[in-house]
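Asks: Would you mind keeping the following structure in view while I ask a few things?
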Amino acid sequence: MSTKVVTVKATDKVGKALQTMVRHKIGSIVVLEKGKPVGILTERDISMRVAKSKNVRGIVIRKIMSKPLVTIAPSAEVWQAVEQMVRKDIVRLPVVEGDRLVGMATERDIFRWVIKVAYEPNLPEDLRKLVESRAQAQALAH
């Protein structure tokens, strides 16, 4: 999981979220209300509104975010995260401890884990570099 998760407030406008997502090169942003994670705004949420010929930039995030927020605890096993993502048809899973957002697990995180496990203990050097460099880049983007 990535531990640096980008967030916005539920009362912010979608335009602000879009700018933040572009700046950080991410496809979703966790929505907070009173400091607690309550939803997620994804590229899918935005594109569905745009497809309906609606201008989304001025809409308050709370109106189009995906909710309730599907989360997982930091103590969960990887297979539990995968199961939750498959059952809910999602590719990003916020990691929450109590009411505090502590990370984000994505399908890319799962793929990196699968590669490491599949090749363990003999992960080829080119794959090791690729997996580690992508993980570092993602951590910096969030």
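Asks: Quick one: VAL6 ticks every box in (1) in contact with a Gly (Cβ under 8 Å, 6 or more places away or on another chain); (2) within 22 Å of ARG108 (Cα to Cα) except a single one, so which number is it?
Replies: Tallying (1) in contact with a Gly (Cβ under 8 Å, 6 or more places away or on another chain); (2) within 22 Å of ARG108 (Cα to Cα), VAL6 fails exactly one: (1).
Asks: Which condition number in (1) assigned to a loop (DSSP other than H, G, I, E, B); (2) touching a residue at least 12 places away in the same chain (Cβ under 8 Å); (3) more than 16 Å from LEU101 (Cβ to Cβ) is the one that LYS54 fails?
Replies: Exception for LYS54: condition (2).
Asks: Any idea which residue in the range 43-61 is surrounded by the most Cβ atoms within 10 Å (Cβ to Cβ), counting only those that are of a type in the set (A, V, I, L, M, F, W, C) and either farther than 27 Å from ARG108 by Cβ or in contact with a Gly (Cβ under 9 Å, 6 or more places away or on another chain) (or both)?
Replies: Among those that are of a type in the set (A, V, I, L, M, F, W, C) and either farther than 27 Å from ARG108 by Cβ or in contact with a Gly (Cβ under 9 Å, 6 or more places away or on another chain) (or both), it is ILE61.
Asks: Looking at the range 51-69, is at least one residue hydroxyl-bearing (Ser, Thr, Tyr) and out of contact with any strand residue (DSSP E or B) (no Cβ under 9 Å at 6 or more places or on another chain)?
Replies: Among the residues of the range 51-69, at least one is hydroxyl-bearing (Ser, Thr, Tyr) and out of contact with any strand residue (DSSP E or B) (no Cβ under 9 Å at 6 or more places or on another chain), which makes the answer yes.
Asks: If you don't mind, another one. Which residues, counting only those in the range 1-37, are among the β-branched types (Val, Ile, Thr) and surrounded by 16 or more Cβ atoms within 10 Å (Cβ to Cβ)?
Replies: VAL5, VAL6, THR7, VAL8, VAL14, THR20, ILE26, ILE29, VAL30, VAL31
Asks: Against the condition basic (Lys, Arg) and modelled with pLDDT of 95 or more, how does LYS9 come out, does it pass?
Replies: The answer is yes for LYS9.
Asks: Which ones in the range 15-42 are in a helix (DSSP H, G or I) and within 16 Å of MET104 (Cα to Cα)?
Replies: MET21, HIS24
Asks: If only one of ASP99, ASP89 is closer than 22 Å to TRP113 by Cα, out of contact with any helix residue (DSSP H, G or I) (no Cβ under 9 Å at 6 or more places or on another chain) and among the charged types (D, E, K, R), which one is it?
Replies: ASP89
Asks: Restricting the search to the range 62-111, which residues are more than 16 Å from the chain's Cα centre (by Cα) and touching a residue at least 40 places away in the same chain (Cβ under 8 Å)?
Replies: Of everything in the range 62-111, those that are more than 16 Å from the chain's Cα centre (by Cα) and touching a residue at least 40 places away in the same chain (Cβ under 8 Å) turn out to be ARG62, ILE64, ASP99.
Asks: Out of the residues in the range 62-92 that are in a helix (DSSP H, G or I) and either of a type in the set (Lys, Arg) or touching a Gly at 6+ places or on another chain (Cβ under 8 Å) (or both), state the one that is surrounded by the most Cβ atoms within 10 Å (Cβ to Cβ).
Replies: ARG62
The values are calculated or read from the model by the stated rules, or taken from the named source; none is laboratory data. Not measured: the values here are computed from a predicted model. Quick reminder, even Gly has a Cβ in these numbers, built from the backbone with ideal geometry, and neighbours come from all protein chains shown.
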